[in-house]
Structures are given as structure tokens and as C-alpha cells.
1. Taking the radius of gyration and the Kirkwood hydrodynamic radius from Cα positions alone, what is the Rg/Rh ratio for the stretch 60-140, to two decimal places?
2. Apply the Kirkwood formula to the stretch 131-208: the hydrodynamic radius equals the inverse of the mean of 1/r over all pairs of different alpha-carbon atoms; give it in Å with one decimal.
3. Peptides 104-111, 137-144: what's the order by average Cβ count within 10 Å, highest mean first?
4. Fully extended, how many nm does the chain gain between residue 76 and residue 145 (0.36 nm per residue separation, minus their Cα-Cα distance)?
5. Beyond a 29 Å Cα-Cα separation, which of these cross-linked pairs lie in this structure: 44/93; 94/127; 44/94; 67/94; 44/111?
6. Using only alpha carbon positions, build the gyration tensor of the stretch 156-199, then give the equivalent ellipsoid semi-axes as the square roots of 5 times its eigenvalues, largest first, whole angstrom.
Amino acid sequence: MKTRDEDFTPVDEQAEGGVSRRDFLKISSVVVATPMVVGPTVVKVAGEEVKVWGPGAVPVTLHVNGKDMKAQLEPRVTLLEAMRDQFDLTGAKKVCDRGECGACTVLMDGKTVYACSILAVDAQGHKIETVESLTVSGNLNPIQQAFVDHDAQQCGFCTPGFVVAAKALVDKYPNPTPEQITHELSGNFCRCGTYAGIRRAVVERNGA
Ligand code: FES
Ligand code: FES
């Protein structure tokens, strides 16, 4: 599973835990018609067993914010779409929908990822944390409070992604240098240009 820090590999080249388009072409040469199936089937590609999901909806279980969430999803559904459309977790935003802006940032096994660029079927078995998990019993996480205190949002559309990325940043570097802040938040864009406020929120948050 790739995180935001790792090189992006085109979908054509990805095969981990599923089947790439290239593999699919190979499979097509031996399987004349792919039936509508429930759950993954396993086919042999060049002597190796490969899971094939769909093309119809399959049962998917995601572990989000400490809970198992289940739905019937087509394999093309992204983690972001599953969270927003099936599980009513709308904190992560769909903006570019192509892994460029960071508005959809969530944590997967503690690392920042773009939820728009991960298929829900591939997110199974991983620990997903969204911005919703940061508020406990109505109490804002210190990094959320810092965004409020330092006026670190204008339209607010980028803010949930920035908050998640900032939380990951301060967990990794409790006293980050300016260079570490720049690097760790470089995967998020703010079209309103509230970068100065966001930096102040990270540096001057309570408990820093
Ligand atoms: S919506 Fe996912 S990176 Fe922009
Ligand atoms: S506050 Fe508007 S895009 Fe960042």
C-alpha cells in the first residue's frame, strides 16, 4: 500500500493485493467471459494466484475510526467514496480526486494517504483514521483547536486534510523545524492561501 511519501506508481503497474490492467489483459486471454461474482475469485496468472474482484459489487469491510464498517461495493469504488457515500464520514473532501490536493487525506496504519487514490477493496485489513476520529466526546484535538485559535482556515475546504496531515506531523515531530513542517505538509494545497496560519497552528498549539 503506497503512502503520500512514496513514489506514485501508475495503476497499470500495480498488482499488490489485486490485479493490474496488464494482468487483466493476460487473464482475458485465458478467460473468455468474466462472470458477475460475489467476493474475490482467484485465477492463475503466469503460475501465480491472483485475486480478482467484481465486476459486480462485493462485500467489503473497512476498519475506520475503530469500527468495522461493511458495505457491498463495486471494486472501482475508492476509499474516499466509500467513506463519504456509504458510511457518512464526510470530513475527508473530494476536490481534485486525483492525488494532488490533499483534501481527502486520512491516516492508514498511521501514515498519511490520499483516500481518493486508494480502492476500498485494497484498504481492507488496514487501520483507517479520519478527521472525525480527532474529536473525542466533543473535545477538539489540540491541533484542531490550534487551527481555530490561529485562524488557519478561510473557506475551510482544505482544512480537514491539513488537520490530518498536521496531526501526523506533530505525532512524528513534536517540535518540528520549519523544514519539517514544509516537507510534511507539502502534499496539501490551500487555495485560500492560509499557509501562515496553518504553520502558526502547528508551532503554537497547546501541549507543544
Ligand atoms: S481529492 Fe484526493 S488528493 Fe485531491
Ligand atoms: S481554506 Fe480555502 S482552500 Fe484552504
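Bear in mind that the values in this text are calculations on the coordinates, not laboratory data. All of these numbers come straight from a predicted model, not from anything done at the bench. We place every Cβ from the backbone using ideal geometry, glycine too, and count neighbours over all the protein chains shown.
1. Working: Rg = 11.7 Å, Rh = 12.5 Å.
Value, to two decimals: 0.94.
2. 12.3 Å
3. On the way: 104-111: 21.4, 137-144: 14.4.
Highest to lowest by the protection proxy: 104-111, 137-144.
4. Details: separation 69, 0.36 × 69 = 24.84 nm, distance 3.62 nm.
The span from residue 76 to residue 145 would gain 21.2 nm if fully extended.
5. On the way: 44/93 38 Å; 94/127 20 Å; 44/94 36 Å; 67/94 22 Å; 44/111 32 Å.
From 44/93; 94/127; 44/94; 67/94; 44/111, over 29 Å: 44/93; 44/94; 44/111.
6. Working: eigenvalues 60, 24, 13 Å².
Semi-axes (√(5λ), whole Å): 17, 11, 8.
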